[in-house]
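The values are calculated or read from the model by the stated rules, or taken from the named source; none is laboratory data. What you see is a predicted model; the values in this text were computed from it and never measured. A quick note on method: Cβ atoms are made from the backbone with ideal geometry, for glycine too, and the neighbour counts reach across all protein chains shown. Heavy atoms of the whole protein, side chains included, go into the accessibility calculation; ligands, DNA and RNA do not. Shrake-Rupley method; radii C 1.70, N 1.55, O 1.52, S 1.80 Å.
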Amino acid sequence: MTDLRSKLLVTRTLPQLSQARLDKGFEGVDIVQWKEDCAIPRQEFLKLAKGADGILCLLTDKIDAELLDAAGPQLKVVSTMSVGYDHVTVSELEARKIALGITPGVLTEATADTTVLLVLSAARRLREGVDAVIQGKWGTWSPTWLLGSQLTDKTVGIVGLGRIGVAVAQRLKVFGVKKFVYQGTRPKKEIEKEVGGEIEFVHMDRLLKESDVICVCCALTDSTKNMFNYEAFSKMKNSVVFVNTARGGIVEQNGLIRALREGKLGSVGLDVTVPEPLPTDSELLTFPNCIVLPHIGSGTLETRTAMSEIAIENVLSGIKGERLPHPHDA
Ligand code: DGY
């Protein structure tokens, strides 16, 4: 007799509303879920994936040939609760005709907000100010103490003028930015209008040299991996505010550390690092002008709920053999 039930593996506990849906269950679907408060260990993942028709995973779960082999030939869909999918070996999925779902659009606002948060925090030396208060180093008001920089009349470089890049530019414009320059796979005339104001597609070298603030908003791909290395940092203004809310792998971290050590950068704000979590003994954490957040760009209840809901819809559609509402290649 053929087994008509499907197996769905979910690799983590989801935000409340989506978790409640999982707990209620879906007709004809047996759900297996890793519910510990940590990423699913690799061996456990390989074991639980066996026989799955659909896998709902996170950006912390590596989806490669080994995992797909462990799952078996019945696997129809991988749905990641993220817009980025650099943790997935797409060619392996394509070769096996397994659909890949992602969560585009819904995390644009939250991630852009976090980018602005880091730009302002880095530019205004938030970490040093907070540390000074806590450590009792707050003296009387001083005309020269903890002076940061502001966005008025500045040039901002956006690397990756996709949804998030545009949302970042729209937000920063309100702070009086004079000009945006951007880099990416191609000039995007149609999108430039959405930013409003002065905006120009420029060569990377120009972006590095002219920008007062640089925001990394692109995907991690073979061509963006380690794009920001020591040489790139050396071309920047030494007052630059450099912010990365995309993926840690876009920055060659030893090059960043060297540039910080040599005082080549004004301030840095990172929401992403290599590895994640960043070990507490990382030299990156020793620089007062470098603020590191624990990859919380999309971390609002609204956004994470919207992401998990899309991830569920993607995986259920895939299990039924239907077209995914949000495929990675839409
Ligand atoms: C994503 O979805 O790729 C984000 O990094 C999550 O914050």
Cross-link partners of residue 189 among aspartates and glutamates (Cα-Cα below 19 Å; sequence separation of 8 or more within a chain): 198, 200
Rounded if a/c under 1.5, otherwise prolate or oblate - segment 67-212, Cα gyration tensor axes: oblate
If a/c stays under 1.5 just call it rounded; otherwise compare a/b with b/c (prolate if a/b is bigger, oblate if not). Do that for segment 113-160, with a ≥ b ≥ c from the square roots of the Cα gyration tensor eigenvalues. oblate
Simple Cβ-charge dipole of segment 191-330, Lys/Arg +1 and Asp/Glu -1, about Cα centre, in debye nearest 20: 260
What's the magnitude of the charge dipole for the chain around its Cα centre, counting Lys and Arg as +1 and Asp and Glu as -1 at the beta-carbon? Answer in Debye, nearest 20. 620
Rule-of-thumb Rg ratio for segment 154-273 [Cα; 2.2 N^0.38 Å; N residues]: 0.98
Among the listed pairs 47/97; 24/50; 7/97, those beyond 20 Å (Cα-Cα): 47/97; 24/50
May I ask you to derive the relative contact order of the chain, considering only C-alpha pairs under 8 Å and at least 6 residues apart, and to give it as an integer percent? 19
Among 135, 170, 104, whose Cα projects farthest towards the positive end of the dipole of the chain, with charges put on the beta-carbon of Lys, Arg (+1) and Asp, Glu (-1)? 170
Roughly how many Å² is the accessible area per residue of the chain, as a whole number, for a 1.4 Å probe? 50
Going through segment 185-273, which GluC sites (Glu not before Pro) have at most 16 other Cβ atoms within 10 Å and a DSSP loop state? 198, 262
Where a Cα-Cα gap under 13 Å defines reach, which aspartates and glutamates qualify for residue 225, not counting those fewer than 8 residues away within the same chain? 86, 252
Rounded to the nearest percent, how much of the accessible area of the chain (1.4 Å probe, protein heavy atoms only) is carbon and sulfur? 54
Pull out a ≥ b ≥ c, the square roots of the eigenvalues of the alpha-carbon gyration tensor of segment 1-80, then state rounded if a/c is under 1.5, prolate if not and a/b is larger than b/c, and oblate in the remaining case. oblate
If the elastic network links every pair of Cα atoms under 10 Å, which of 217, 38, 290 fluctuates the most in the Gaussian network model of the chain? 38
Euclidean distance of C-alpha centroids, segment 29-75 and segment 159-221, integer Å: 37
Segment 2-93: trypsin sites (Lys or Arg not before Pro) in DSSP loop, at most 15 other beta carbons within 10 Å: 5, 35, 50, 62
Relative to a virtual label point 7 Å from the Cα of residue 153 in the Cα→beta-carbon direction, which members of segment 173-198 show backbone nitrogen distances below 18 Å? 173-180, 198
Highest GNM mean-square fluctuation among 204, 307, 236, for the chain with Cα springs under 10 Å, belongs to 204
With Cβ to Cβ distances under 10 Å as the rule, what net charge do the other residues near residue 290 carry (K, R +1; D, E -1)? 0
Among 62/237; 35/137; 173/264; 193/264, the pairs whose Cα-Cα distance exceeds 32 Å are 62/237; 35/137; 193/264
